[in-house]
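Working notes, beginning with the structure itself.
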Amino acid sequence: MSSPAETLRTALAALLDGLPPRQAAQAVDRLIANYRGRTPTDAPILRDRADVAAYAAYRMPATFEAVRSALEAFAAAVPGWTPASHVDVGGGTGAATWAVTAAWDGERPVTVLDWAEPALALGRELAAANPALAGARWQRSRIGAALRIESTDLVTVSYVLGELTDQDRAHVVDAAAAAAPSVVVVEPGTPDGYARVIAARDRLIAAGFRVAAPCPHSAACPIVPGEDWCHFSARVSRSSLHRQVKAGSLPYEDEKFSYVAATRLPADEVSPAASRVVRRPQIRKGQVLLDLCEAEEQLRRHTVTKRHGDLYKAARDADWGDSWPPVEPGNYHEIRQ
């Protein structure tokens, strides 16, 4: 049986059948230049099916991989919990709904809210290829101060806050917090995207949520604004359209993203990472350098050497965004000396 990622790639490839490659590339070029961060939610620029198909084929795989990475980190922190229902705010063609089906098995009631009717229509069409989304509702809704979200188990808000005013962002996060015990917010991995995630994180904590991922704590972020930003990376397989639009030859690209996953589940059901790898590990001769965000509300670099045995092997396999240490901490205390 194909994975959600494989099924999605196949469904997206079928979208472009009959659409001249040059036309698709031109549509993507135009939409990328204008879509994120400049378009008010009452004037979507996805004008028709050709626009939506080209944009979805180009952007949906990256959104899917970023949201899936965030959800998998969240799922690892709440291993005994599975969402019984899901609302995707600003979901467009539904990348986050596909990511939820990859993170948790089974079917559940799903509602996608978005202003752009062509995006919703195409999302509904794509969802026909995924049995777990057979009953999904695709509902036109203004994403902003007028937003209302029905009670649900999980709300995702991905790649949409940048399109809103500060006031509308605050309302969307508050509406998500009021509707669900678990909320996941994903934004581009840029300084501005990180700032929006931190603002959402603050509002969720103020509403009684605790952070499950990526942070090992719910205290203030130790990163100094303006000096750095917290973000991660997800590997995305490039389609022929990706390569054509970006004039790239590599079969993949890396999607940078920032996120917060927060929950009101009881504390004994939530196990945040002991620490999180917040930069790509640096592998050197006989040692691995890990930059970690720690439960003590600080950033620290740890050097793992061959003398640490199995931990050294684990460090060589560690990836940016992973929790640390591995499940069996072994002699982790020696590294912290």
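Of the residues making up segment 111-157, those that are among the hydrophobic types (A, V, I, L, M, F, W, C) and farther than 17 Å from W98 by Cα are W115, A116, I143, A145, A146, L147, I149.
Just a yes or no: is a residue in segment 179-187 in contact (Cβ under 8 Å) with a residue 40 or more places away in the chain, more than 17 Å from the chain's Cα centre (by Cα), crowded, with 19+ Cβ neighbours inside 10 Å and over 21 Å from H217 (Cα atoms)? Scanning segment 179-187, I find at least one residue that is in contact (Cβ under 8 Å) with a residue 40 or more places away in the chain, more than 17 Å from the chain's Cα centre (by Cα), crowded, with 19+ Cβ neighbours inside 10 Å and over 21 Å from H217 (Cα atoms), so the answer is yes.
When the strands (runs of 3 or more DSSP E) confined to segment 79-152 are screened for residues that are surrounded by 24 or more Cβ atoms within 10 Å (Cβ to Cβ), those reaching at least 3 such residues are found at 86-89, 110-114. Criterion first (modelled with pLDDT of 90 or more, closer than 19 Å to V186 by Cβ and acidic (D, E)) does D105 satisfy it? Here the answer is no, as D105 does not meet what is asked. Checking each residue in segment 195-224 for being among the β-branched types (V, I, T), over 14 Å from V183 (Cβ atoms) and touching a residue at least 12 places away in the same chain (Cβ under 8 Å) picks out I198, I223. Go through segment 128-146 and count every residue that is closer than 11 Å to W115 by Cα and not polar (S, T, N, Q). Residues in segment 128-146 being closer than 11 Å to W115 by Cα and not polar (S, T, N, Q): 5 in total.
When we screen T39, T63 for residues that are at pLDDT below 65 and in the same structural domain as A99 (by TED's automatic domain parsing), the only hit is T39. Which one is nearest to the chain's Cα centre (by Cα), of the residues in segment 254-294 that are of a type in the set (G, A, S) and within 18 Å of L311 (Cβ to Cβ)? The residue in question is A273. If you filter segment 114-159 down to residues that are closer than 29 Å to Y194 by Cβ and among the aromatic types (F, W, Y), you find that the one that is modelled with the lowest pLDDT is W115. Taking the conditions (1) in contact with a strand residue (DSSP E or B) (Cβ under 7 Å, 6 or more places away or on another chain); (2) surrounded by fewer than 23 Cβ atoms within 10 Å (Cβ to Cβ); (3) of a type in the set (D, E, K, R); (4) within 23 Å of P216 (Cα to Cα) in turn, D202 satisfies each one other than (1).
When you check A262 against the structure, is it in a strand (DSSP E or B) and either of a type in the set (A, V, I, L, M, F, W, C) or farther than 19 Å from R201 by Cα (or both), yes or no? Spelling it out, A262 is indeed in a strand (DSSP E or B) and either of a type in the set (A, V, I, L, M, F, W, C) or farther than 19 Å from R201 by Cα (or both). Filtering segment 61-78 to residues that are buried (at least 24 other Cβ atoms within 10 Å of the Cβ) and in contact with a Leu (Cβ under 8 Å, 6 or more places away or on another chain) leaves P61, F64.
Just the residues that are within 26 Å of E163 (Cα to Cα) and either of a type in the set (A, V, I, L, M, F, W, C) or in contact (Cβ under 8 Å) with a residue 60 or more places away in the chain (or both), please, taken from segment 102-116. Residues satisfying the conditions are V110, V112, L113, W115, A116.
The values are calculated or read from the model by the stated rules, or taken from the named source; none is laboratory data. Computed from a predicted model, the values in this text were never measured in an experiment. With ideal geometry, Cβ positions are generated from the backbone for all residues, glycine too; neighbour counts draw on all protein chains shown.
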